[in-house]
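The values are calculated or read from the model by the stated rules, or taken from the named source; none is laboratory data. Owing to the predicted nature of the structure, the values given are computational and were not obtained by experimental measurement. Virtual Cβ from ideal backbone geometry, glycine too; neighbours counted across all protein chains shown.
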Amino acid sequence: MARHAPTHPQAWRQLQLRQWLLAGRRFNARQAAEEFEVSRRTVMQDLEHMRAFGHAIVYNTQTNSYELEEVSGELPVAQIRRSELAAIRLAQEVLENFGATPMAAAVDQVLTRVRELMPDLMDTDLGAFSPSLTVLRGPAPEGPLPWLEAISRAIDESRTLRMTYFTMYRNEESERLVDPYRLVSRDGRGYLIAWCHRRQDVLVFRLDRIRALEPTPTFYELPADFDIEDFLGSMFGMFRDKEAFQVKVRFSPWVARFIREDRWHASQQMTDLPDGSLQVDLEVMGLVDVRRWVLSFGSDAEVLEPDHLRRAVSYEADKMQAMYSSR
């Protein structure tokens with residue numbers, strides 16, 4: 001009887017045959033072929049392949065079935081534990097926060113292949129392997145992160161890009177050439193670290209503010225002295241200035257207990273003060289995110305240095321007081 005193309009991949013069939021043999025299930029080539037919806041020849045090839053990888057499979061003429069005498073090797077197929085599968089599911093959940101990206105699609109394909117190869121392990125559906133850790137999505141763009149695939153390809157090729165970018169604080173679009181260095185994800189948002197030919201500096205661009213993007217025929221060379229870890233580690237958040245600032249902030253005794261629990265920046269130095277308050281010293285390239293951080297603690301945080309940051313926070317506090325006292 002003519003057979004259609006195999007409905008199960010070879011690795012899946014061989015895993016099934018191995019399980020049958022280890023369990024002592026009796027079967028012959030015809031029975032296996034009917035169950036797998038393949039030809040007897042395909043089953044014979046599967047068995048021969050298994051023999052080549054240390055499975056001593058013999059045919060018992062008395063029982064009219066195959067038996068496994070010895071196993072001295074493993075099949076060259078992916079073996080995966082339930083804990084490893086849960087880790088893949090966690091990666092899938094994290095990537096879902098970024099929308100329909102190529103990376104999310106790739107993880108979906110991996111899980112689909114695992115389900116094809118090991119349906120028993122997958123239980124009834126992929127949702128059965130939701131990890132014990134839930135990833136909550138914070139503030140993020142409404143749609144999926146754009147341009148990931150095009151920028152990733154340009155980084156791999158060291159290719160200059162031409163892009164139209166919307167600058168929020170100027171409320172305008174501009175066209176510029178950039179050499180893409182690295183893609184960064186932070187708090188659900190995507191960023192591009194790139195050398196801007198227009199500004200002659202390494203800048204940070206939000207992916208969802210890129211309006212148009214196309215590769216150019218020009219290639220670039222990554223500077224030998226550029227270190228992405230140093231670049232990102234010097235910032236407090238994703239806003240960066242050209243100069244470093246020495247920042248000193250005092251936290252009230254009440255809030256100090258919570259501040260001590262976290263590592264806020266690589267440069268931080270914490271000093272306990274006699275009244276139970278805490279002084280945090282930072283060296284950062286940029287103050288925009290520091291100002292927002294300090295303001296989030298209200299009157300429990302006081303900027304000591306630099307003076308212009310102290311004035312900026314005071315100005316915001318005065319505006320807030322005026323706003324709330326107007327009613």
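Once region 288-327 is narrowed to residues that are outside any helix (DSSP H, G or I) and not polar (S, T, N, Q), the residue that is modelled with the lowest pLDDT is R327.
If the condition is being out of contact with any helix residue (DSSP H, G or I) (no Cβ under 6 Å at 6 or more places or on another chain), at pLDDT 95 or above and surrounded by 16 or more Cβ atoms within 10 Å (Cβ to Cβ), then region 166-191 contributes R176, L177, V178, D179, Y181. For region 50-69, a residue qualifies if it is farther than 17 Å from Q14 by Cβ and within 44 Å of the chain's Cα centre (by Cα), but none of them does.
Each row is one residue, and each column tells you yes or no for (1) aromatic (F, W, Y); (2) surrounded by fewer than 16 Cβ atoms within 10 Å (Cβ to Cβ); (3) out of contact with any Lys or Arg (no Cβ under 9 Å at 6 or more places or on another chain); (4) assigned by TED's automatic domain parsing to the domain that holds V204.
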residue: D275; (1), (2), (3), (4): no, yes, yes, no
residue: L278; (1), (2), (3), (4): no, no, no, no
residue: L282; (1), (2), (3), (4): no, no, no, no
residue: V290; (1), (2), (3), (4): no, no, yes, no
residue: S296; (1), (2), (3), (4): no, yes, yes, no
residue: E305; (1), (2), (3), (4): no, yes, no, no
residue: R310; (1), (2), (3), (4): no, no, yes, no
residue: Y315; (1), (2), (3), (4): yes, yes, yes, no
residue: K319; (1), (2), (3), (4): no, yes, yes, no
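State which residue pairs qualify: first residue on the phi > 0 side of the Ramachandran plot and inside region 30-58, second residue not aromatic (F, W, Y) in any location, beta carbons under 6 Å apart, and separation of 6 or more residues or different chains. Close Cβ pairs (under 6 Å, with a partner that is not aromatic (F, W, Y)) amount to E37/T7; G54/S72; G54/G73. Being closer than 20 Å to R186 by Cβ and of a type in the set (V, I, T) holds for only one residue in I228, I259, and it is I228. Considering region 147-252, the qualifying strands (runs of 3 or more DSSP E), each wholly inside and each with 3 or more residues that are without any contact (Cβ under 8 Å) to a residue 40 or more places away in the chain, run over 172-186, 189-196, 201-206.
Taken together, the residues in region 104-118 that are modelled with pLDDT of 75 or more and out of contact with any helix residue (DSSP H, G or I) (no Cβ under 8 Å at 6 or more places or on another chain) amount to 3.
In region 253-265, which residues are in a helix (DSSP H, G or I) and out of contact with any strand residue (DSSP E or B) (no Cβ under 6 Å at 6 or more places or on another chain)? I'd like the intermediate steps shown before the answer.
Kept after step one, since they are in a helix (DSSP H, G or I), are these residues of region 253-265: 253-259.
Correct list: P253, W254, V255, R257, F258.
Within region 14-44, the residues that satisfy the criterion of being touching a helix residue (DSSP H, G or I) at 6+ places or on another chain (Cβ under 9 Å), within 21 Å of E70 (Cβ to Cβ) and part of a helix (DSSP H, G or I) are Q14, L15, Q16, L17, R18, W20, L21, A29, A32, V43, M44. Looking only at region 47-70, filter to residues that are hydroxyl-bearing (S, T, Y) and assigned to a strand (DSSP E or B); which one of those is surrounded by the most Cβ atoms within 10 Å (Cβ to Cβ)? Only one residue tops the list, namely Y66. Condition first: farther than 17 Å from D300 by Cβ and of a type in the set (F, W, Y). Now tell me which residues in region 242-273 satisfy that. Matches in region 242-273: F245 only.
P217 passes every criterion in (1) in the same structural domain as F205 (by TED's automatic domain parsing); (2) at pLDDT below 95 apart from (2).
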